[in-house]
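Notes follow once the structure below has been shown.
The values are calculated or read from the model by the stated rules, or taken from the named source; none is laboratory data. Every value quoted in this text rests on a predicted model; they were computed, and no experiment measured them. Glycine gets a Cβ as well: all are built from the backbone with ideal geometry, and neighbour counts include every protein chain shown. For accessibility, only protein heavy atoms count, side chains too; no ligands or nucleic acids. Shrake-Rupley method; radii C 1.70, N 1.55, O 1.52, S 1.80 Å.
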Amino acid sequence: MKVEINVNGTATTADVEPRTLLVHYLRDNLGLKATNIGCDTTSCGACTVLLDGESVKSCTVLAAQADGLSVTTMEGLSDDGTLSHPVTAAFRQEHGLQCGFCTPGMVMAAVSLIEENPDLTEADVRSGLEGNLCRCTGYHNIVRAVLVAAGKDPDA
Amino acid sequence: MSILGTRVHRVEDPAFLTKGGTYTDDLTDERLAGALHLTLVRSPIAHATITSIDTSAAKQAPGVVAVLTAADCDLEPVLVFDRANKKMVRPYLATDRVRFVGEPVAAVLTEHPYQGEDAAELVDVDYDPLPAVVDVEAALNGEVLLFPEAGTNVATAKGSADPGAGFFADCEVVVTKQILNQRVAPAPLETRAAAAAWDDGRYTVFCSNQNAQGTRDDLAERLGVDVADVHVILPDVGGGFGAKIGADPEYVLVAWLARRLGRPVRWSESRSENMTGLVHGRAQHQTITIGGDRDGTVKAYQLKIVGEAGAYPAFGAALPNLTGMMARGTYDIARKHSSYVSVVTNTTPTGAYRGAGRPEATQAIERAMDLFARAIGMDPADVRRKNFIAPEQFPYEITDEISYDTGEYAKALDLALRSAGYEQLRAEQARRRERGDTKLLGIGLSSYVEITAGGGASENGSVEVHPDGTVTVLTGSSPHGQGHATAWAMLAHEQLGIPMEKITVRHGDTDQIPEGAGTMGSRSLQTGGIAVHKAAGELVELAKQRAADLLEADVADLVVDKDVAAITVAGVPSARKITFAELAAQEQLRVHTEWDAGKATFPFGAHVAVVEVDAETGKAAVQRIWAVDDAGPVLNPLLFDGQRHGGIAQGIAQAMLEEVTYDEDGQPLAASFADYGIPSAAELPSFDLVGMETPTDANPLGYKGIGEAGTIGSCPAVQNAVIDAVAHLGVDHIDMPLTPVRVWTAIQQAAGGAK
Amino acid sequence: MIPVAFDYQRPQTLDEAVALLATRGEDATVLAGGHSLLPVMKLRMAAPELVIDIGRLAELRHLRVEGDEIAIGAATRYRDLVTSTVLAAECALLPAVAATVGDPQVRHRGTLGGAIAHGDPAGDMPAAILALDGTVVLQGPNGRRSVPVAEFYTGLFSTVREPDELVVEIRVPRTGATGWAYEKFTRRSNDWAIVAVAVATMPSGAVNVAMVNMAGTPIRATATEAALAEGKSIVDAAALAAEGTNPPADTHGTPEYRRHLAQVLTRRALQTAIA
Ligand SMILES: Cc1cc2nc3c(=O)[nH]c(=O)nc-3n(C[C@H](O)[C@H](O)[C@H](O)COP(=O)(O)OP(=O)(O)OC[C@H]3O[C@@H](n4cnc5c(N)ncnc54)[C@H](O)[C@@H]3O)c2cc1C
Ligand code: FES
Ligand code: FES
């Protein structure tokens, strides 16, 4: 079947099997490889992207379900390849990544979280990231990064 | 001002935060053009003989290029851990028998991965089930053997379980306990992946791995080819934690298939495969016995280990040996005895996992210390202080060859206790108990020492300045998140003055860097980092020699002007300056060097954990953790603390949540991320890190390793804290993970026993 | 892991969806948020020939007060429930329960209708709707019918819904902003409930108590409710919560532990809701 999805501001289209997962559409049809796959039970959040502005796990959305909608991946946060987005800038500033595998999903979950609740506390950030696993950082610096990106003082 | 010791942001981050890392499954390398996708058919049964495999239907399925079984595979079965029983060899695809759920049985190769999953379902394997050996008692009694030809389930063993008459004879108090250091899954967020091509008599293998060169050597040996005919390239690696060392059977198979089929082959495992296919860690059944006097002096300590090797002995079979070596922990105990037996069971093979052997030693001795303190009615902090190895006892010999290098164990514990406000915490705990609060407070301590770079303390590095002023650093150590590119650039920058952004660090390509030992055992900075430090120093000397003539000065009078990355004459501001780049333009300016410390280092520290336990439900939550982790001077606090954070989280995770269990048939009960309890941010607090720096004499910068310390320190502190919270109810031990049902059951049982 | 191949259709109207289901009922499966269905399809534990996507039907995404009741379209997502000002004022139990489901990503996709239709005994929404004495509205080729949620579940993952019927709406009474509580006991924050207890105070003044994961379907703590009605204390009433339950055994708990939890959580929920 044919799907048309606006990805990172660009209209994309492809003929796909109905069972094609959105994450595979992004990675294999479009070559956008930032979005990772870390599990097969919708548990890890490594595949998180924005679908019409909201965080979703793209391993549990069919490309067909996204037909006609818009998707944002981490690649779409900056059009000049720099850390111009407050969330990616804060992740570097606070050392919110190590191996980087959870990072694209974590960043997109954070973007959605901040969008929905600009007045975040540490507890909000921790529960707001409950759908994203990181094996490297112990979350300490991820939480700090999200607070910084939301304009909060992580040491407060 | 020196850059060493300062908080430098990672040079690798911009790529990771824009286009994302390039992991094995992301590769678009032209050498992989037209690659086939490998899907493995894995055994759903723990122990069975294979009576037949019918691949005909699978071969007819769309997109299928080949379906292969053991009958098609001429790879020699391998003894993964070479000191295990020689009969316990592992085939790449199961031959007549499967020995664990998840063991590869057939290989399906398709044009597209989706087709592989479809076709794999059509491979028809007939299994004739055998009784599964799941627990270590069954393995030891040997009624059912995994390898009948071996005549035993014992993979390897060392020492007598009997410490000898009189071992505890002069002790006023002796406490003994069976404890479990449970089986856990390393679960790096990137599962394993490999891609291989065979071209012109040479294998090119990309894989997710911690050591390119060791893996190349394994591949060459197992594929039966010359080392020169294997080229291993490690792209970005999404975490390893010890579990991605060496050539896994699947990696060998991918390479072999590429040659056999004449097309590149790619493989990327699913998480479900990873949870049974990748090695597990820990899995030690320990009996601890501690004896001493009522004044707190510990006189004798015995650690008896039955280790689970899983179905095919791998590195995990050997780790109890390291546990035994580190068994005494930070204490000067007159008599220490350890022994172990590693047995095979119908479960996933075990291997290294963050700490690998040392967490098991620390957990055991730190539990023993608490049990002893309880038995003699002394504060656990006081018992520890009474028995610490004193600073003047270093170097402190632990075997004929190995000594703890440097340590300040009492200082570390006192610092942690002071930071935590230990007295106030104890007072708060007492208040809650008196009030009959259902929210109980538990305070747990751990003191630890561990061994880093224990597997070899040598590494190579090279530094080259190019005529355009850029620098290339080559290192035999390769990272999977640790930040080598930043750390090594700092070390080079420190001596050359060349800006960080002009320094590129390369690693993990065996053609570019033929020698190296990778990243494991917290070895990198003190080996690979020091090699770069040494190479940069030697490069400065080389540059001085070349500049001496041009500057018409004595080499001894030359210095580096770091502001302009040039050689100049000391104390003569008007003197000419010759930049490294100018020297490189005249003649290649490159140094390759080897560094060998000749010995391991022994980081140490102390953690204090505070937990709250809901006495009604048994649910425990870690509220705070204070960590003193002393690994010598800190190169970059950003990276150093990052390692501690991740380590602490994994230690808490083992204490509180994670466990791989099997049912009596050997079916894994936590074989996905839905069932296996990796904590999210919501289960963890922020961590309180406290600094302390005691240099080693093993290398010129005094660095020890920090990769595993956090895990080793936090796990026992948290377990001790939860038990401490309910100790007044009569509970003296609960095995990990300290899930609500376990804690509640322990409380119930203690109450029942008290009646 | 990916599903077995299937056909996909996304009808544009409810009538179209009902008609499609009527012709293909047996080999078709409805897809709403997909957060129960796609995971089981990826594990190949379900392999429908046709997937009918109703997740974007605007007709099924309403949330409005209708007389004494609130009518919620089946395709209303958790996130819609959590942020609804109508619910905050008229039935505050529901957003609170919805906020505990899974994680933000799950709540952006999962639907109330999907949760009700799926009928996982560990699911949160079925028990919440049961505590509210809610109604499930079904629509099939022969029109609509309403089933009290108390009669909707027949066993593990099974309901009275016919294969050619859609869940189109959930109706709950206007219970207001207070008098409720939800106690969900989990291992990790985004895990399914080991046990959970929902308490709702009905317009009649009756206090309803429903439990998650204490049997093959969501069930009411009838002994507790009766004791409360008789004027017994919260502590005494809560002690009866496990009566008549049949909780499962798994790695998170024995049946005995779950019965104990049911009592503790019921007491806590009642203390929050009505003390
Ligand atoms: C990581 C994760 C964590 C979760 N945690 C929780 C949790 O803590 N608590 C909890 O309760 N749930 C949890 N869930 C499940 C989640 O709530 C699901 O979204 C929900 O159960 C199903 O809703 P859905 O819209 O996604 O349904 P779908 O997956 O689309 O459908 C589920 C089933 O219902 C049928 N169906 C759906 N809509 C209709 C309809 N209108 N009419 C008839 N049949 C229909 C489908 O055919 C299918 O059989 C979790 C899910 C995930 C992935
Ligand atoms: S890959 Fe999507 S949640 Fe893990
Ligand atoms: S940085 Fe490695 S998993 Fe998060």
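The mean number of Cβ atoms from other chains found within 10 Å of a Cβ in peptide A:30-38 is 5, as a whole number.
For the set B:Arg7, C:Arg259, B:Arg97, B:Arg192, the ranking by accessible area, highest first and with no ligand, DNA or RNA atoms included, is B:Arg7, C:Arg259, B:Arg97, B:Arg192 under a 1.4 Å probe. Highest mean packing comes first when the peptides B:693-700, B:344-351, B:680-687 are listed by Cβ atoms within 10 Å, giving B:344-351, B:680-687, B:693-700. Along the charge dipole of the protein assembly as shown, which of B:Ala390, B:Thr215, C:Val4 sits closest to the positive end, that is, farthest toward it, with unit charges on the beta carbon of Lys, Arg, Asp and Glu (+1, +1, -1, -1)? Highest projection toward the positive end goes to B:Ala390.
Projecting the Cα atoms of B:Pro467, A:Val107, C:Pro173 onto the dipole axis of the protein assembly as shown, where Lys and Arg carry +1 and Asp and Glu carry -1 at the beta carbon, places C:Pro173 farthest toward the positive end. Computed from backbone phi with θ = phi - 60° and the Karplus coefficients 6.51, -1.76 and 1.60, the 3J(HN,Hα) list for segment A:65-71 is 5, 8, 4, x, 10, 10, 10 Hz; x is used for glycine and proline. With distances taken between every two different alpha-carbon atoms, segment A:2-75 has a Kirkwood hydrodynamic radius of 11.8 Å. For the pair A and B, the buried accessible area comes to roughly 4200 Å² in total, with a 1.4 Å probe and the value rounded to the nearest 100. Peptide B:65-75 is shielded by partner chain Cβ atoms: per residue, an average of 0 of them sit within 10 Å of its Cβ. Phi angles across segment C:224-235 convert, under the Karplus curve 6.51 cos²θ - 1.76 cosθ + 1.60 with θ = phi - 60°, into 3J(HN,Hα) values of 5, 4, 5, 4, 5, 4, 7, x, 5, 6, 4, 4 Hz, Gly and Pro given as x. For chain B, complete DSSP H runs whose alpha carbons reach 15 Å or more along their own long axis and whose mean Kyte-Doolittle score is -0.5 or higher are B:249-261, B:358-376, B:409-420, B:484-496, B:530-551, B:637-656, B:709-726, B:740-754. Solvent-accessible surface (1.4 Å probe) assigned to B:Trp267 amounts to roughly 10 Å². Pick from C:Leu81, C:Leu14, C:Leu132: which residue has the top mean-square fluctuation in a GNM of chain C where Cα pairs under 10 Å get a spring? Looking only at C:Leu81, C:Leu14, C:Leu132, the biggest GNM fluctuation is shown by C:Leu14. Within 10 Å of the Cβ of each residue in A:59-68, the mean number of Cβ atoms contributed by other protein chains is 6. Set the bar at 23 Å for Cα to Cα. Now go through A:Lys33/A:Lys57; B:Lys439/C:Lys184; B:Lys386/B:Lys439; B:Lys19/B:Lys502 and name every pair that lies beyond it. Beyond 23 Å between Cα atoms: B:Lys386/B:Lys439. Scaled against the 2.2 N^0.38 Å expected of a compact globular protein of N residues, the Cα radius of gyration of the protein assembly as shown reads 0.95. Only the Cβ atoms of Lys and Arg (+1) and of Asp and Glu (-1) were treated as charged; on that basis the dipole of the protein assembly as shown about its Cα centre amounts to roughly 2000 debye.
Summed over both chains, the accessible area lost when C and A associate is about 2600 Å², using a 1.4 Å probe. Around the Cα centre of chain B, unit charges on the Cβ atoms of Lys, Arg, Asp and Glu (plus for the first two, minus for the last two) sum to a dipole of about 1520 debye.
Per residue, chain C reaches -9000 deg cm²/dmol at 222 nm when only DSSP H runs of four or more residues are counted, each adding -39500 (n - 2.57). Among C:Glu225, C:Glu162, C:Glu183, which one shows the highest mean-square fluctuation when chain C is modelled as a Gaussian network with alpha-carbon springs under 10 Å? So, out of C:Glu225, C:Glu162, C:Glu183, the one fluctuating most is C:Glu162.
Report summary: the helix-based calculation at 222 nm, which adds -39500 (n - 2.57) for every DSSP H run with n ≥ 4 and divides by the residues of chain B, gives -8500 deg cm²/dmol. To the nearest 10, the accessible area of A:Ser84 is 70 Å² with a 1.4 Å probe.
Within the accessible surface of chain B, defined with a 1.4 Å probe on protein heavy atoms only, the carbon and sulfur portion equals 49 percent. Among A:His85, B:His47, the order of accessible area from largest down is A:His85, B:His47, computed with a 1.4 Å probe on protein heavy atoms.
Solvent-accessible area per residue in the protein assembly as shown equals 34 Å², computed with a 1.4 angstrom probe and all protein chains kept. Other residues whose C-beta falls under 9 angstrom from the C-beta of C:Gln105 contribute a net charge of +1, scoring Lys and Arg +1 and Asp and Glu -1. In summary, the convex hull built on the alpha carbon positions of chain A has an orientation-averaged projected area of 8.6 nm². Within segment B:100-119, the residues that become at least 50 Å² less accessible when every protein chain is included than when their own chain is isolated (1.4 Å probe; DNA, RNA and ligands ignored) are B:Tyr114, B:Glu117, B:Asp118. The orientation-averaged projected area of the convex hull spanned by the Cα atoms of segment C:7-53 comes to 3.1 nm². Were the residues from B:Asp697 through B:Gln424 laid out at 0.36 nm apart, the gain over their Cα-Cα distance would be 94.5 nm. Kirkwood radius, chain C, all distinct C-alpha pairs, inverse of mean reciprocal distance: 18.9 Å. Between B and C, buried accessible area from a 1.4 angstrom probe totals roughly 2000 Å², ignoring ligands, DNA and RNA.
Between A:Ala14 and B:Asp200, the FRET efficiency from the beta-carbon distance, with R0 = 30 Å, is close to 0.25.
Taking A:Arg126, A:Arg135, A:Arg92 in turn, the Gaussian network model of chain A (Cα-Cα springs below 10 Å) assigns the largest fluctuation to A:Arg135. Computed over the alpha-carbon atoms, chain B gives an Rg to Rh ratio of 1.00, Rh here being the Kirkwood radius from the mean inverse distance.
Computed with a 1.4 Å probe on the full set of protein chains, the accessible area for A:Thr35 sits at about 0 Å². In terms of accessible area, using a 1.4 Å probe and ignoring ligands and nucleic acids, B:Thr287, A:Thr137, A:Thr121 rank largest first as A:Thr121, B:Thr287, A:Thr137. Close amide H pairs (under 5 Å, H built 1.01 Å from N) link C:Thr154 with C:Thr159, C:Val160, residues at least 5 positions away or on another chain.
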